[in-house]
Amino acid sequence: MKTALITGATSGIGRSTAIELAKHNINLILCGRRQHRLDALQNELSTTVNVHTLCFDVRDKDAVFSTIENLPEAFSTIDILINNAGNAHGLSPIQTGDLDDWDAMMDINVKGLLYVSKAVLPKMIAAQSGHIINIGSIAGKEVYPNGNIYCASKHAVDAINKGMRIDLNPYGIRVGAIHPGLVETEFSNVRFKGNDQKAATVYNGFDPLTPEDIADIIAFVVTRPYHVNIADLIVFPTAQANSTIVNKKIN
Ligand code: NDP
Ligand code: 8X3
């Protein structure tokens, strides 16, 4: 049985991915900052697979390294890393952007992803195998109005994904990114700082992607034969053409 470590497993894409990978008999290390949600998911899935939880903020370098380096023996071999934790914070023009929001996006989406990857990599390199899936975004392929720093953080993920694939190529480690468009999760609630009404308007008038849609794709990616690496994948809801064009049916 393989083991997958999923960051951001308490909500949205990460949570659905945990549920989907359990159906494929993959043991799970679930990470997030909300221990009660990790506990609930562990209870739900541990009837099917072995589940271990790690409660840390990906910005906390020491916590990331100490927890991953001290995993219990049964979970110490990580076959699949899903770098998913991340969010947008705010949606403002560059000139009025909030410095704390900028720090959060760069520290979580970019540096947090790097810390977790660096902690996981030594054993993958020693084993000459492993699979890393980086959750990017269409915001890592295009820049849209007021998306500035979130887009910058996801462009960085796109570059890191490509760089990882090059540098880890000699070690037989598969690296790929999935770049979703609009997925209805807690993403917009976080972006708009708990203004749930504003968040809901993002997904009004069309059928957005669901976190299960992305989990389904991740399960497909990780169950390909070893010689197949899905390197870069953009996924939109049918109503979305790019970052700014969404066919909304609103009266
Ligand atoms: P959610 O807000 O539903 O989930 C975000 C997850 O990230 C949560 O589990 C949260 O856990 C975790 N997280 C956030 N900050 C931290 C932190 N500092 N340390 C540890 N964990 C953290 O959003 P999504 O599921 O939509 O987002 C998942 C990924 O998908 C993100 O990288 C996002 O950028 C990307 N994405 C989302 C899209 C969308 O439209 N929804 C589209 C394209 C990409 P906790 O709060 O418990 O720590
Ligand atoms: C999330 C999708 O369009 O809000 O990455 O940036 S978008």
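The values are calculated or read from the model by the stated rules, or taken from the named source; none is laboratory data. None of these values were measured; they are calculated from a predicted model. Positions of Cβ are generated from backbone atoms using ideal geometry, with glycine treated the same way; all protein chains shown enter the neighbour counts.
Numbers below:
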item: Selected residue (criterion: surrounded by the most Cβ atoms within 10 Å (Cβ to Cβ)) from residues of region 154-185 that are farther than 12 Å from G136 by Cβ and within 12 Å of ligand 2 (Cβ to nearest atom); result: T185
item: Test result for E184, in contact with a Ser or Thr (Cβ under 6 Å, 6 or more places away or on another chain) and either under 24 Å from T17 (Cα atoms) or among the charged types (D, E, K, R) (or both); result: no
item: Residues located in region 62-85, provided they are within 12 Å of ligand 1 (Cβ to nearest atom), in contact (Cβ under 8 Å) with a residue 12 or more places away in the chain and more than 12 Å from L28 (Cβ to Cβ); result: V64, T67, N83, N84, A85
item: Residues of region 85-131 satisfying the condition of being within 23 Å of L38 (Cβ to Cβ), part of a helix (DSSP H, G or I) and of a type in the set (S, T, N, Q); result: N109, S117
item: Identity of the residue in region 193-242, part of a helix (DSSP H, G or I), small (G, A, S) and under 16 Å from the mean Cα position of the chain (by Cα), that ends up farthest from ligand 1 (Cβ to nearest atom); result: A219
item: Inter-residue pairs, beta-carbon under 8 Å, first modelled with pLDDT under 95 and crowded, with 17+ Cβ neighbours inside 10 Å and in region 142-153, second of a type in the set (D, E) and not in a helix (DSSP H, G or I), 6+ apart; result: none
item: Criterion: within 17 Å of F187 (Cα to Cα) and crowded, with 20+ Cβ neighbours inside 10 Å - qualifying residue of G130, G90; result: G90
item: Test: residue in region 38-50 that is within 19 Å of the chain's Cα centre (by Cα), under 22 Å from S117 (Cβ atoms) and either of a type in the set (D, E) or part of a strand (DSSP E or B) (or both); result: no
